[in-house]
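The values are calculated or read from the model by the stated rules, or taken from the named source; none is laboratory data. Remember, it's a predicted structure, so these values are computed and weren't measured experimentally. We place every Cβ from the backbone using ideal geometry, glycine too, and count neighbours over all the protein chains shown. Quick note on the areas: whole protein, heavy atoms, side chains included, nothing else; ligands and nucleic acids left out. Shrake-Rupley method; radii C 1.70, N 1.55, O 1.52, S 1.80 Å.
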Amino acid sequence: MPEQASETAVTITLNGKEIEARPGELLIAAAERHGVYIPRFCYHPRMKPVGMCRMCLVEVDTGRGPAIQPACMLPVAPDMKVATDSPTAKKVQEGVLEFLLINHPLDCPVCDKGGECPLQDHTISFGPGESRFVEEKRHFEKPIDISGTVALDRERCILCDRCTRFADEVAGDPLIHFQDRGGFTQVNTFPGHPFASYFSGNTVQICPVGALTAKPYRFKARPWDLEAVESTCTSCAVGCRVVIDGSRNEVLRQNGVDSDPVNWGWMCDKGRFDFQAVNSTDRLRTPLLREGGSDLAESRWSTALAAATEAIKTGLDRSGPAGLAVLGGARLSNESAYAWAKLAKGVLGTDNVDAQLGDGLPAEVVLGLPRATIDEAFAPGSTVVLLAPDLKEELPVLFLRLRHAVVNDGVKVVELATHDTGVTSLAAVSLRSAPGAEAELAQLIADGGTPTAGVDPAAAEAARVLVRGDAPVTVVLGRSSLADSGAGTVAAAAYLLDAIDGVRFLPALRRANVHGALDLGLAPGVLPGRVSLDDGRAWFSEAWPTVPAERGLDALGILTAAAEGRIDTLVLLGADPLADFPDRDLATRALAGARTVIATDLFLTDSVAAADIVFPAAGFAEVTGTTTNLEGRVTTLRQKVTPPGTAEADWLIAVELSRRLGTDLGLESAEDIWDEIEQVSAVHAGVSAALLWGSERADGVVVPLSADPGPATDAPLSDQQVTEGDPDEVTEAQAAPPADPDAPTGDPGDDAAAQGQAAAADSAAQAADDAGEAQAHHAEAA
């Protein structure tokens, strides 16, 4: 007997058994949820159904007798009777496969799709076993390169329309389409126009045959040769879930995982194909050391570590903690970021630490504003204010999520930018400002008033109506231009926070794990757990050997001080200020002005080449740990291959340096580090390693957890209240991490709910004022 149906369920009979389906659900999806697989080629759950391949034809009786209908186009209806395995359905499926194989070449032994090909699988499971067609198959020139990364074998195409629908519906880049007619119909790009899409690699992944193949993987391996691990892409801050396939200690490809709250299975081409850097012969393999003004030369780890230790000690003796600075850290895993934060702030006592290289926003703003998840930001019917860089360029998969929300879910976009971007065509209202004048536009749409010159009054009023309406509002916040200080962006955020009830923010910082680095203290004025230096001092003074005495310098301040000769030791954690910092001249003078530059990196970049001591670091697919994306979602990283040469994980380098400096960090493994993070960081309280690595949390955990976490009760960061007032008025229960039996003694407070959340040390308005003053000060100093 079937289970009792809910009031909203639709009861249908599937192969003689009653099941419950959701109202409006497609038959093919309802059947799959109940363990009945209906073969398909053109159907994809993330795209609109078209019913082109006819492989999903089944026998359906809606009360007027059985009929053959496509399961991918048919919504369920009450009392529907469906047979997927009847003689008629089987005969139809056999006939469809026989037709599809009329022109399909039988080159499975040399096809990259062989072994993981739905056409192969369906032919074996649902096919007739032999064909009545013996005529010559059609032939095309093969392969043709339709882009720098994708090759097309047209004779293998079964015209399922997946690639063309993705390019048009999902990516908005209709650069590949059907051409010709009848038996010569083919999929191809337009003459003279390559498949120049940022998302072309997705068509390779969703192609059900070997028509579209990725050139970096072509003829490299067979599926049965591959070993796969699920991990997280570290190319930007979106944090797409991926599967890394490798063989013989080499990464061979990446594919997207359908993580419902994040990437939906999609990847940008940068994230999909940048695994080739892991296998590069240009990787750093041994430490490098510069002695006596000579060029960098290979060295032993013991020698390089001894030189780094001596340089740090000498610098501390000469200038104290103020003479030490650490730049970078966004490339690191959360575990490595914490280890370096503990070394810099908890052992060496310096607060001159910044994971951002002048292209982000003040840590207090990023950590203090009420935050939204991606799903909340792009919920149907909501309004999104874009005060950010071009999402298509900087955070491509976030652009795909936004595009879907606009096209399909009625989301309205108000764009505040200095120029047209990849999102402009999607915006309901698009307003322009000069670089640094974003606050004027924000004030205009928040409070009204007379538009400045060049701003259309009607457009400004339309924007104001949208943001002051009943729909929930999310501000996607980031630096739209590196030509200004960012103070205008911060001030604009403060205006919107004050004027719009319930507004939330989705930070659009581009560096991969910059949010994890900020959460764990790699920024001036903050400690792990999103607490300010002053608010967390009492707790961390007991948890760590020491705590910085005063707020340190950000990236601009660090490079300015180094250029003036006030920095004795400058540490670069995967940072390349010569390439990434907006002021290259200042970065050049800084690297020359610092007495000793220590770098940990994967490659000999321009900045690393200017260093005195270089440590080879393990990178993507070479470490196990965690990372944090722009919505505060912590996901796992898994090691697939061993690092080249003698390269080590960044946290191991921090641990060894600390030991040689006379302090044991007490960190023996990535698991040890996460356990300590859970103990000392308020926002990570309750996020145990078992929770993160459990199968039920494959999509990650948004921190902080709710006071009463359940199977699906992740509390968004925006549930924290950003209050006006003096940061000293933040309660001790909010400022201190939760108590732990093995943690240092202290008084973390009695309120369990407050213990599970980090306090905002300043209100966003106060942070805006402070950030503006700091930016102005640094600009004047520069």
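Could you tell me which residue of the range 554-612 is most open to solvent (accessible area, probe 1.4 Å), considering only residues that are of a type in the set (S, T, Y) and farther than 20 Å from R283 by Cβ?
T588
So T418 ticks every box in (1) among the polar types (S, T, N, Q); (2) touching a residue at least 60 places away in the same chain (Cβ under 8 Å); (3) crowded, with 20+ Cβ neighbours inside 10 Å but one. Which box is left unticked?
Every condition holds for T418 apart from (3).
Give the number of residues within the range 265-298 that are open to solvent by 70 Å² or more (accessible area, probe 1.4 Å) and of a type in the set (G, A, S).
2
Name the residues in the range 146-164 that are open to solvent by less than 30 Å² (accessible area, probe 1.4 Å), within 25 Å of D274 (Cα to Cα) and charged (D, E, K, R), would you?
Correct list: D153 only.
State all residues of the range 476-493 that are in a helix (DSSP H, G or I) and surrounded by fewer than 24 Cβ atoms within 10 Å (Cβ to Cβ); if no residue qualifies, say none.
The answer is A487, A491.
Could you list, in sequence order, the residues of the range 551-585 that are touching a residue at least 12 places away in the same chain (Cβ under 8 Å) and of a type in the set (D, E)?
Correct list: D554, E564, D568, D576, D580, D583.
Could you run through the range 656-674 and say how many residues are surrounded by fewer than 21 Cβ atoms within 10 Å (Cβ to Cβ) and either part of a loop (DSSP other than H, G, I, E, B) or aliphatic (A, V, I, L, M) (or both)?
7
Just checking: which of the strands (runs of 3 or more DSSP E) contained wholly in the range 1-114 hold 1 or more residues that are under 26 Å from G129 (Cβ atoms), at pLDDT 95 or above and open to solvent by 60 Å² or more (accessible area, probe 1.4 Å)?
The qualifying strands (runs of 3 or more DSSP E) are 66-70.
Kindly list the number of the only condition in (1) in a loop (DSSP other than H, G, I, E, B); (2) acidic (D, E); (3) more than 25 Å from the chain's Cα centre (by Cα) that fails for D585.
(1)
Which ones in the range 675-693 are of a type in the set (A, V, I, L, M, F, W, C), surrounded by 24 or more Cβ atoms within 10 Å (Cβ to Cβ) and part of a helix (DSSP H, G or I)?
I677, V680, A682, V683
When you go through (1) on the phi > 0 side of the Ramachandran plot; (2) touching a helix residue (DSSP H, G or I) at 6+ places or on another chain (Cβ under 7 Å) one by one for G51, which number turns out not to apply?
Only one criterion is unmet by G51, namely (2).
Would you be able to tell me the number of residues in the range 570-582 that are over 17 Å from V514 (Cα atoms) and part of a loop (DSSP other than H, G, I, E, B)?
So the count comes out to 1.
Between residues in the range 266-278 that are more than 14 Å from N202 (Cα to Cα) and assigned to a helix (DSSP H, G or I) and residues that are open to solvent by 10 Å² or more (accessible area, probe 1.4 Å) and among the aromatic types (F, W, Y), which pairs lie under 9 Å by C-beta distance while being six or more apart or on different chains?
D274/F620; F275/F620; A277/F603; A277/F620
Within the range 241-264, count every residue that is open to solvent by 10 Å² or more (accessible area, probe 1.4 Å) and part of a loop (DSSP other than H, G, I, E, B).
Selection size over the range 241-264: 7.
Let me spell it out: the conditions are (1) at negative phi; (2) modelled with pLDDT of 90 or more, and G700 meets all of them except one. Which number is the exception?
So G700 meets the others, but not (1).
Taking only pairs six or more apart or across chains, which ones have beta-carbon atoms under 9 Å, a first residue in the range 321-336 that is without any contact (Cβ under 8 Å) to a residue 24 or more places away in the chain, and a second residue that is part of a strand (DSSP E or B)?
Between residues of the range 321-336 that are without any contact (Cβ under 8 Å) to a residue 24 or more places away in the chain and residues that are part of a strand (DSSP E or B), there is no close pair.
So M52 ticks every box in (1) under 20 Å from L212 (Cα atoms); (2) without any contact (Cβ under 8 Å) to a residue 60 or more places away in the chain but one. Which box is left unticked?
Failing condition for M52: (2).
Looking at L426, L402, L441, L398, which is the one that is aliphatic (A, V, I, L, M) and more than 23 Å from the chain's Cα centre (by Cα)?
L441
Determine whether K345 is open to solvent by 10 Å² or more (accessible area, probe 1.4 Å) and outside any loop (DSSP other than H, G, I, E, B).
no
Are any residues in the range 424-439 at pLDDT below 95 and part of a loop (DSSP other than H, G, I, E, B), and if so, which ones?
Once the filter is applied, which keeps residues that are at pLDDT below 95 and part of a loop (DSSP other than H, G, I, E, B), the range 424-439 yields S433, A434, P435, G436, A437.
Mind listing whichever residues of the range 504-539 are of a type in the set (G, A, S) and open to solvent by 10 Å² or more (accessible area, probe 1.4 Å)?
Listed by number, the residues that qualify are A512, S532, A538.
Filter the range 624-639 down to the residues that are in a loop (DSSP other than H, G, I, E, B) and surrounded by fewer than 24 Cβ atoms within 10 Å (Cβ to Cβ) and list them by number.
Of everything in the range 624-639, those that are in a loop (DSSP other than H, G, I, E, B) and surrounded by fewer than 24 Cβ atoms within 10 Å (Cβ to Cβ) turn out to be T624, R638, Q639.
Just to be sure before I move on: is V407 part of a helix (DSSP H, G or I) and under 30 Å from F540 (Cα atoms) in the structure I sent?
In short, no.
Taking the residues in the range 361-395 that are under 22 Å from N202 (Cα atoms) and open to solvent by 20 Å² or more (accessible area, probe 1.4 Å) as candidates, determine which candidate is farthest from the chain's Cα centre (by Cα).
It comes out as D390.
If you take the residues of the range 305-329 that are assigned to a helix (DSSP H, G or I) and among the hydrophobic types (A, V, I, L, M, F, W, C), which of them is surrounded by the fewest Cβ atoms within 10 Å (Cβ to Cβ)?
Taking the candidates together, the pick is A306.
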